[in-house]
1. Could you work out the relative contact order of segment 1-103, using alpha carbon pairs under 8 angstrom and six or more residues apart, expressed as a whole percent?
2. Using the charge dipole of segment 197-302 (Lys, Arg: +1 at Cβ; Asp, Glu: -1 at Cβ; taken about the Cα centre), state which of 263, 238, 249 has its Cα farthest towards the positive end.
3. Quick one: grab Rg to one decimal and Dmax as a whole number for the chain, Cα atoms only, in Å.
4. Would you work out the charge dipole size for segment 191-285 about its Cα centre, treating the Cβ of every Lys and Arg as +1 and the Cβ of every Asp and Glu as -1, and quote it to the nearest 20 debye?
5. Given 71, 60, 117, which one lies farthest toward the positive end of the charge dipole of the chain, if we put +1 on the Cβ of every Lys and Arg and -1 on the Cβ of every Asp and Glu?
6. Using 0.36 nm times the number of residues separating residue 111 and residue 130, minus their current alpha carbon distance, what extension gain do you get?
7. I need 297, 356 ordered by Cβ neighbour count within 10 Å, fewest first.
8. Once the piece of chain linking residue 307 and residue 184 is laid out straight, how much longer is it, given 0.36 nm per residue of separation minus the C-alpha distance between them?
Amino acid sequence: MSAAPAPLAIYVHWPFCRAKCPYCDFNVHVRRDVDHDRWRRALCAELDHFADGTEGREVASVYFGGGTPSLMAPATIAAILDRVAALWPVTADVEVTLEANPDPDDTRRFADYRAAGVGRLSLGIQALDDRALAFLGRAHDRAEALDALEQARRYFERLSFDLIYARPDQGAGDWRRELAEANARAGEHLSLYQLTIEPGTAFGSAHKRGRLPMPGDEAAGTLYEVTQEALASAGFDAYEISNHARPGGQSRHNLAYWRYQDYIGVGPGAHGRVTTDGSKFATRQFRNPRRWLEAVEEQGHGTEERAALSPEARCEEMLMVGLRLAEGVGRARFRAETGTALDAFLDSKRLATLVEGGFLLADDKRLWATPAGRQRLDAVLGALLT
Ligand SMILES: C[S@@+](CC[C@H](N)C(=O)[O-])C[C@H]1O[C@@H](n2cnc3c(N)ncnc32)[C@H](O)[C@@H]1O
Ligand code: SF4
C-alpha cells in the first residue's frame, strides 16, 4: 500500500427516469411520486455511513449519475455537496459532474445546478437526427438537444455529451457526418458508445425475435475506426475505449475507476471500491429504490453486500479496467494498488502471445492495449486472465 492513498471519488446514483429507453439496462425506475426531501436525507445519511473509516481522505470528484439526475431538485445536489464538504477535505479543483437529459424541463434547471456547485455537465444527446432519436425511444428531439447544448455552454465550464452509434442501418458515411457535427458542437469531451443489445430490455427481446437486425462485427468495426479517425483529426485524444477528450478535458472521476482508485457509491444499486485497514472492499447497495430507502432509514445505509476482495481479484479487476485506458496499467501503480508486481501476476506465455498478436504492449513502466487490442478487449482479457 502507498503511504498517501489517492483521493476518493464519490458516485451518487439517482435511479429515476421519465420513461425507460428501449436499449437501457441501468438500474432505472419510472416513478412520479418521488419524495425529494426523503431522498435528500437518505443520500446524505449514506454519505455519513461511508465517511466512517475514510475520514481524512481527500475527495477529488463527485459524480451524479443515473437514471436521470437532472430530475433531482437542485437543493438535493447542494445538500449532498455540502455534506461531502463537511465529511471530507475536498480538493480545491474538485470535479462535480451531473448527467443530464436534454429535456426542456431539465435544461431550465441548468442555472440552478450551476449555483448548487455542478461544474461539469454530461448530456445524453444520443443522436443528432430526429429519426435516430425516435428509434432510440428518446423523449427529446434534435432541436431540444441543440438547445440543451447551447444552455450547457452558458452555465458549465466543462461539457461532455454522449452519442450512441452502430445503430441498425447506420452507414459509415452517415456516422462520419454526424461525428463532424458532434465535433463542431463539442466541448472538451465526448463519449461515443456502440449500441449494445442488453438482455431483458425492449431491444433485447426485439433482437431475440429477429426484429432488430444489428450491424455485424465487420460493420461495427468499421464504425469504430471511423470514430477514432474523426475524433483524432478534430484534436481529441481517445483516452479510453469510448471516451475522447481535448487536452485536460478527461473525466477525472471516471479516470479514478479505470485507474482502480477508491470510490464510494451511494444510492440504489451503486457500487464502490473502498480500501480500509489494508483491504479493498467491494460494496453494492440495494438495487430496488424502496428497499434501499427503507434500509437507509432503518440502519443508516442500504448496503446489500460488502466483501473484501482477494489479492487475485484486485489484480484482475485492475487489469480489466486499466486496459480500457490508452495509458494502460502502470507497473508502480499496479504494485501500489494490489501489493503484487505485474510480472508476478501475469502468465508470461499468455502475455507474449498477445504481444506477438499485436493486441498488447509492455515496457518497464507499463502494460497497455494497442488500438486493435482495445477494440476487442473482452477477448484479450479472456486470453490474458483465464
Ligand atoms: C445510464 S445512461 C444515463 C444518461 C441519461 N439518463 C441519458 O439517458 O441521457 C449513460 C449513457 O449510457 C449510454 N448507454 C446506455 N445504454 C446503452 C446501450 N445499451 N448501448 C450503448 N450505450 C448505452 C448512453 O449513451 C447514456 O447516455
Ligand atoms: S438511457 Fe438514460 S433516460 Fe433512458 S432509461 Fe437509461 S438512464 Fe433513463
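1. Details: 143 pairs, mean separation 37.7, N = 103.
After rounding, I find 37 percent.
2. 263
3. In Å, with Rg to one decimal and Dmax whole: 20.9, 58.
4. Values: 9 positive and 9 negative charges, 88 e Å.
Dipole about the Cα centre, nearest 20: 420 debye.
5. After comparing all options, I get 71.
6. Working: separation 19, 0.36 × 19 = 6.84 nm, distance 2.67 nm.
Length difference between fully extended and current span is 4.2 nm.
7. Fewest-to-most Cβ neighbours within 10 Å comes out as 356, 297.
8. Details: separation 123, 0.36 × 123 = 44.28 nm, distance 4.55 nm.
So the extension gain works out to 39.7 nm.
No value in this document is a laboratory result; all are computed from the given coordinates. Bear in mind the structure is a predicted one, so any value in this text is a computation, not a measurement. Positions of Cβ are backbone-derived with ideal geometry, glycine not excepted, and every protein chain shown enters the neighbour counts.
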